[in-house]
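Enquirer: Dropping a structure here in structure tokens format, bear with me for questions.
The values are calculated or read from the model by the stated rules, or taken from the named source; none is laboratory data. Predicted, not measured: the structure shown is a model, and the values here were computed from it. So basically every Cβ, Gly included, is an ideal-geometry build from the backbone, and we count neighbours across all protein chains shown.
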Amino acid sequence: MSRDLDLVLYGATGFSGRPAVGYLDRRAAELGIRWAVCGRNEAALRALVARTSSAPAVLVADARDAEALSQLAARTRVVASFVGPHAPLGDLLPAACVRAGTNYVDLCGEQDVIAARIADLHGPASAAKVKVIPACGYESVPFDLSVLALDNAFEVADGSRLAAVDVTVTFVLHRGPLRSGHGTSGGTFATVIRSATEVPHLTDPFGLTGDGSVDPQLRAANAVDLSARRTASGTWLAPTLPDPFLNPAVIQRTNALLSEGPAGGYASGFVYREAANVSAIVGSDAMAGIAARATSALMRRLAAISTGRRSVGDRLTLRGLRAVSPGPGKGPSPASLDAVDYRLDLAARSTSERRAAATLRGQGNPGYRSSPNILAEAAIAIAHDDRLPDRYGVLTPATGLGLPLIDHFPAAGLQLEVEGVTDVAAA
């Protein structure tokens with residue numbers, strides 16, 4: 001089949017799609033990428049293209065038009081989709097890509113949608129040698145790839161595998177949060193609300209592995225920690241925002257998929273935990289404690305709502321989230337997107353009881369500056385990097401893109417450093 005395009009950016013006029021167009025415009029000039037923008041509003045797409053230097057092609061296809069999506073998929077090597085939430089739109093586009101033998105990546109963090117894709121598309125995509133990779137932005141690329149890099153460091157050092165890892169997320173504000181404007185888009189609010197009200201097993205870290213027989217002790221060790229807690233050094237930790245449930249599920253699926261290959265996965269009792277550093281955002285210890293407890297209370301409430309509970313407090317929480325949502329297609333001001341950076345600090349232990357650490361730094365708002373760059377770069381890697389793993393189906397970033405994607409990090413504004421492996425005595 002003749003392909004006249006390397007990459008199509010679908011949902012180009014959306015809140016996350018617009019910055020991705022600017023990113024791809026620069027990268028297309030550097031790499032000679034043949035690309036196109038696509039959406040349902042031709043006039044808006046042409047206005048967007050008029051501001052580019054590489055003049056990508058303009059394609060028109062509605063997310064519910066199966067025939068138009070099939071024609072789109074047949075023309076390109078990879079589609080990067082920036083639309084969402086995904087459940088209301090259906091999954092016609094990834095299905096069309098699988099039929100056309102076209103790779104597909106997106107920012108989908110809706111666990112029920114990902115689970116349905118695994119059930120419906122993993123087999124056909126594997127047979128067609130197609131990569132379908134959701135959660136391919138800030139959630140979950142930095143987390144998933146950093147964990148993979150730590151496992152690789154242990155394996156290279158002494159042949160051991162990753163047994164446990166703790167991740168602490170720190171947001172670095174360049175000006176006060178009240179001066180940075182609204183930090184979340186309408187699409188993110190809609191996804192969080194839908195996940196709480198419609199996604200079963202939201203809190204299950206093994207919800208994407210298809211393994212209902214996980215040892216109860218292992219399940220308990222990997223339970224998503226929704227508490228507010230103060231470390232020995234005085235740092236307040238809380239659940240990560242906006243979704244503390246997604247990365248654990250993605251990373252456990254990574255382990256399950258790796259375990260199917262000849263090299264095997266992480267340790268059989270692998271444990272993943274993550275938390276957010278609230279003290280770094282709120283300078284006052286007392287205020288940091290209040291903020292951590294408030295975050296914990298909100299996430300516990302959403303977790304309870306996902307079980308089907310609808311108390312008065314639950315209904316008020318949902319009403320409040322809908323009230324503060326900025327609405328579809330709206331979000332933080334462009335100036336606020338550069339008012340924050342982020343850092344992941346990872347502490348890991350191997351099956352041989354060795355220790356390692358890693359630090360990942362990301363530039364810009366994680367959801368709306370960093371994520372568009374990451375997703376665009378993931379699509380570029382699929383289109384142009386022949387070192388990617390020979391693995392197909394509905395995958396995770398680590399299993400579909402692997403360690404070669406780390407070489408693409410600097411272009412997307414990410415820097416990953418893995419410290420040397422040490423023995424227990426040295427640690």
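Enquirer: Looking only at the range 218-231, filter to residues that are out of contact with any helix residue (DSSP H, G or I) (no Cβ under 7 Å at 6 or more places or on another chain) and within 25 Å of I305 (Cα to Cα); which one of those is surrounded by the fewest Cβ atoms within 10 Å (Cβ to Cβ)?
Expert: Here the residue is A220.
Enquirer: What residue, of R343, R319, R361, R354, is among the basic types (K, R), farther than 23 Å from L237 by Cβ and modelled with pLDDT of 95 or more?
Expert: Step by step, each of R343, R319, R361, R354 is checked, and only R354 is among the basic types (K, R), farther than 23 Å from L237 by Cβ and modelled with pLDDT of 95 or more.
Enquirer: Turning to a different aspect of this structure: Taking the options R273, R300, R293, name whichever one is basic (K, R) and farther than 23 Å from L318 by Cβ.
Expert: R273
Enquirer: Looking only at residues in the range 232-242 that are surrounded by fewer than 23 Cβ atoms within 10 Å (Cβ to Cβ) and farther than 17 Å from M287 by Cβ, which one is nearest to the chain's Cα centre (by Cα)?
Expert: Per the criteria, the residue is P242.
Enquirer: In the range 379-407, which residues are surrounded by fewer than 18 Cβ atoms within 10 Å (Cβ to Cβ) and part of a helix (DSSP H, G or I)?
Expert: H384, L403, P404, D407
Enquirer: Which condition from (1) in the same structural domain as A36 (by TED's automatic domain parsing); (2) of a type in the set (G, A, S); (3) part of a strand (DSSP E or B) is the one that A357 breaks?
Expert: (1)
Enquirer: Considering A116, A125, which residue is outside the structural domain of T351 (by TED's automatic domain parsing), surrounded by fewer than 23 Cβ atoms within 10 Å (Cβ to Cβ) and touching a residue at least 24 places away in the same chain (Cβ under 8 Å)?
Expert: A116
Enquirer: Which members of the range 253-274 meet the condition of being within 19 Å of the chain's Cα centre (by Cα) and buried (at least 24 other Cβ atoms within 10 Å of the Cβ)?
Expert: R253, T254, N255, Y272
Enquirer: So, one more: Give the residue, chosen from D338, D314, D345, that is farther than 30 Å from L162 by Cβ, among the acidic types (D, E) and touching a residue at least 60 places away in the same chain (Cβ under 8 Å).
Expert: Of the residues listed, the single one that is farther than 30 Å from L162 by Cβ, among the acidic types (D, E) and touching a residue at least 60 places away in the same chain (Cβ under 8 Å) is D338.
Enquirer: Let me ask something additional. Inspect all residues belonging to the range 367-385 and state whether any of them is in the same structural domain as V105 (by TED's automatic domain parsing), over 17 Å from the mean Cα position of the chain (by Cα) and not acidic (D, E).
Expert: So far as the range 367-385 goes, yes, one or more of its residues are in the same structural domain as V105 (by TED's automatic domain parsing), over 17 Å from the mean Cα position of the chain (by Cα) and not acidic (D, E).
Enquirer: Right, something else. Among the numbered criteria (1) in a loop (DSSP other than H, G, I, E, B); (2) assigned by TED's automatic domain parsing to the domain that holds D338, which one does G109 miss?
Expert: Here G109 clears every test but (2).
Enquirer: Can you tell me which condition A44 does not meet? The list is (1) hydrophobic (A, V, I, L, M, F, W, C); (2) surrounded by 21 or more Cβ atoms within 10 Å (Cβ to Cβ); (3) within 21 Å of P334 (Cβ to Cβ), and all the others hold.
Expert: Result: A44 passes all but (2).
Let's see how each residue does on (1) touching a Cys at 6+ places or on another chain (Cβ under 6 Å); (2) under 16 Å from R253 (Cβ atoms); (3) of a type in the set (A, V, I, L, M, F, W, C):
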residue: I133; (1), (2), (3): no, yes, yes
residue: V141; (1), (2), (3): no, yes, yes
residue: A153; (1), (2), (3): no, no, yes
residue: S160; (1), (2), (3): no, no, no
residue: T184; (1), (2), (3): no, no, no
residue: D215; (1), (2), (3): no, no, no
residue: R229; (1), (2), (3): no, no, no
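Enquirer: Take the residues in the range 253-288 that are free of Cβ contacts under 8 Å to residues at least 60 places away in the same chain and of a type in the set (D, E); name whichever of them is nearest to A153 (Cα to Cα).
Expert: The extreme case among them is E260.
Enquirer: What is the residue count in the range 50-85 for residues that are touching a strand residue (DSSP E or B) at 6+ places or on another chain (Cβ under 6 Å) and more than 21 Å from S2 (Cβ to Cβ)?
Expert: Residues in the range 50-85 being touching a strand residue (DSSP E or B) at 6+ places or on another chain (Cβ under 6 Å) and more than 21 Å from S2 (Cβ to Cβ): 1 in total.
Enquirer: Residues in the range 186-223 that are of a type in the set (G, A, S) and touching a Gly at 6+ places or on another chain (Cβ under 7 Å): how many?
Expert: Final tally of qualifying residues: 2.
Enquirer: Same structure, new question: Given the options V105, V78, V141, V83, name the one that is under 17 Å from A20 (Cβ atoms), modelled with pLDDT under 95 and not aromatic (F, W, Y).
Expert: Criteria check complete, one pass: V83.
Enquirer: Kindly indicate which of A36, A12 is assigned to a loop (DSSP other than H, G, I, E, B) and either crowded, with 21+ Cβ neighbours inside 10 Å or in the same structural domain as R99 (by TED's automatic domain parsing) (or both).
Expert: A12
This table checks each residue for (1) modelled with pLDDT of 95 or more; (2) under 26 Å from the mean Cα position of the chain (by Cα); (3) β-branched (V, I, T).
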{"site": "V8", "(1), (2), (3)": "yes, yes, yes"}
{"site": "G11", "(1), (2), (3)": "yes, yes, no"}
{"site": "F15", "(1), (2), (3)": "no, yes, no"}
{"site": "D25", "(1), (2), (3)": "yes, yes, no"}
{"site": "A29", "(1), (2), (3)": "no, no, no"}
{"site": "V37", "(1), (2), (3)": "yes, yes, yes"}
{"site": "A43", "(1), (2), (3)": "yes, no, no"}
{"site": "R46", "(1), (2), (3)": "yes, no, no"}
{"site": "T52", "(1), (2), (3)": "yes, no, yes"}
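Enquirer: Here is a follow-up. Quick one: how many residues across the range 56-102 are within 17 Å of A12 (Cβ to Cβ), within 26 Å of the chain's Cα centre (by Cα) and acidic (D, E)?
Expert: 1
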